[in-house]
1. Does the range 120-131 include one or more residues that are more than 28 Å from residue 247 (Cβ to Cβ) and touching a His at 6+ places or on another chain (Cβ under 8 Å)?
2. Could you check the range 292-325 and list, in sequence order, the residues that are under 25 Å from residue 201 (Cα atoms), modelled with pLDDT of 95 or more and part of a loop (DSSP other than H, G, I, E, B)?
3. Filter the range 189-205 for residues that are more than 11 Å from the ligand (Cβ to nearest atom) and small (Gly, Ala, Ser); which is surrounded by the fewest Cβ atoms within 10 Å (Cβ to Cβ)?
4. Name every residue in the range 21-48 that is without any contact (Cβ under 8 Å) to a residue 40 or more places away in the chain and assigned to a loop (DSSP other than H, G, I, E, B), in order of residue number.
5. So which residues in the range 250-266 are outside any loop (DSSP other than H, G, I, E, B), buried (at least 19 other Cβ atoms within 10 Å of the Cβ) and touching a Phe, Trp or Tyr at 6+ places or on another chain (Cβ under 9 Å), if there are any at all?
6. Can you pull out every residue in the range 97-128 that is of a type in the set (Ser, Thr, Tyr) and within 18 Å of residue 71 (Cβ to Cβ)?
7. Scan the range 303-322 and report the pairs whose first residue is free of Cβ contacts under 8 Å to residues at least 24 places away in the same chain and whose second residue is not in a loop (DSSP other than H, G, I, E, B), with Cβ atoms within less than 7 Å and a gap of 6+ or a chain change.
8. Exactly one of these conditions fails for residue 109: (1) surrounded by fewer than 23 Cβ atoms within 10 Å (Cβ to Cβ); (2) within 16 Å of the ligand (Cβ to nearest atom); (3) under 19 Å from the mean Cα position of the chain (by Cα). Give me its number.
Amino acid sequence: MNTIDLRSDTVTWPTEAMRHAMATAPVGDDVYGEDPTINRLEAMAAACFGKEAALFVTSGTMGNVTSILAHCGRGDEIIAGRSSHIFVNEAGNPATLGGVHTWPLAVQPDGTLALADIEDAIRPDDPHYPRTGLVCIENTHNGAGGQPLSVEYTDTVGELAHRYGLKFHIDGARIFNAAAALDVPVDRLTQAADSVTFCLSKGLCAPVGSVIVGSHEFIYRARRIRKALGGALRQAGILAAAGIVALEEMTERLREDHANARLLAEGLASIPAITLDASTIKTNIIYFELNDAAPISADDLGVALAAEGIVIGSAYGGQKLRFVTHYWIKTAHVEHVVQRIRELLA
Ligand SMILES: *Cc1c(COP(=O)(O)O)cnc(C)c1O
């Protein structure tokens, strides 16, 4: 990449190995089930998550809404975090596309939904109420600063949901970051879930795509919904080829992003004009604030850094900023960025 872009791990360019795999991928018409590269990616993803089947989709948003609509019908309700991507950042699609209501719950600082809150939100069968159908958690939880949710917590939510006859979905856009941070296999981390969406196009560097995993029967329904959403693709093996490289080569290296995030957070926390507890940084996402000692605003800091090829985007309201580390951010970049911010905020 030609800039130091800290806005998100979505800005990652595909690697050389991905570009080569894309150029040489065998392809076919995936609507006929004939794209060998798509079929291989889906089989790999299912095996990796210990689920029966998988479905390639164009984005994490499509993966989540397809999963929600495969689990729920009109008049059903999902339970999700108030700061979750599903509730905040997906254009209200459960309601607009599926007639599905959302009950948003407070997200705890560790990224979890309190078990008592989930249980309270499960509706009794009463004609006044929508029907609770699905519990959704987000791992890692972006809004909580990339906090990874543990195996024990995930198992408990799954047990709770199933005890009430509900389905359990994980928005695992960054589930491989969670698995790396917790040092657990991703299939163990998602064992309790009926469905998982994960993104190939964030820290894993693929240019496009997410995958949904679940049972044969769930994926069968999801495939029809994907078609209805306009997401059935043809020679999409071109895209899946990069996804295969992502699964084969890019999941273990996420630890480097986490180490760089910790280094970046420690550097930022040592700047008097910045308020940040670096010990809370577990994966690749850092939220922090400029405090009263800052001589310039967060937006002005962004403008000054952009002039030097360091892209941080604009403030998340007020003086709050988010930095995300990824494949194209190396340790030397981190050291350079910290030094420049220290100088600009002196
Ligand atoms: C990025 C993201 C998504 C959706 O991804 P898109 O591919 O941008 O639609 C869903 N959930 C979380 C937590 C994300 O960070």
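1. The first filter runs over the range 120-131 and keeps only residues more than 28 Å from residue 247 (Cβ to Cβ), leaving 120-131.
This time we only want the ones that are touching a His at 6+ places or on another chain (Cβ under 8 Å), so: 130.
Taking every residue of the range 120-131 in turn, at least one turns out to be more than 28 Å from residue 247 (Cβ to Cβ) and touching a His at 6+ places or on another chain (Cβ under 8 Å).
2. Passing the criteria: 309, 312, 325.
3. Step one: list which residues in the range 189-205 are more than 11 Å from the ligand (Cβ to nearest atom), which gives 189-196, 204-205.
Subsequent filtering for residues that are small (Gly, Ala, Ser) retains 192-193, 195.
On the way: 192: 19, 193: 28, 195: 30.
Taking the candidates together, the pick is 192.
4. Of all residues in the range 21-48, those without any contact (Cβ under 8 Å) to a residue 40 or more places away in the chain come to 23, 32-34, 39, 43, 47.
Residues satisfying the conditions are 33, 34.
5. Passing the criteria: 254, 257, 261, 264, 265.
6. Residues of the range 97-128 that are of a type in the set (Ser, Thr, Tyr), as a first pass: 102, 112.
Scanning the range 97-128 gives a single hit, 102.
7. What qualifies is 314/299; 314/302; 315/298; 315/299; 315/321.
8. That leaves (2) as the condition not met.
The values are calculated or read from the model by the stated rules, or taken from the named source; none is laboratory data. Note that the structure is predicted; figures quoted are calculated from it, not measured. So basically every Cβ, Gly included, is an ideal-geometry build from the backbone, and we count neighbours across all protein chains shown.
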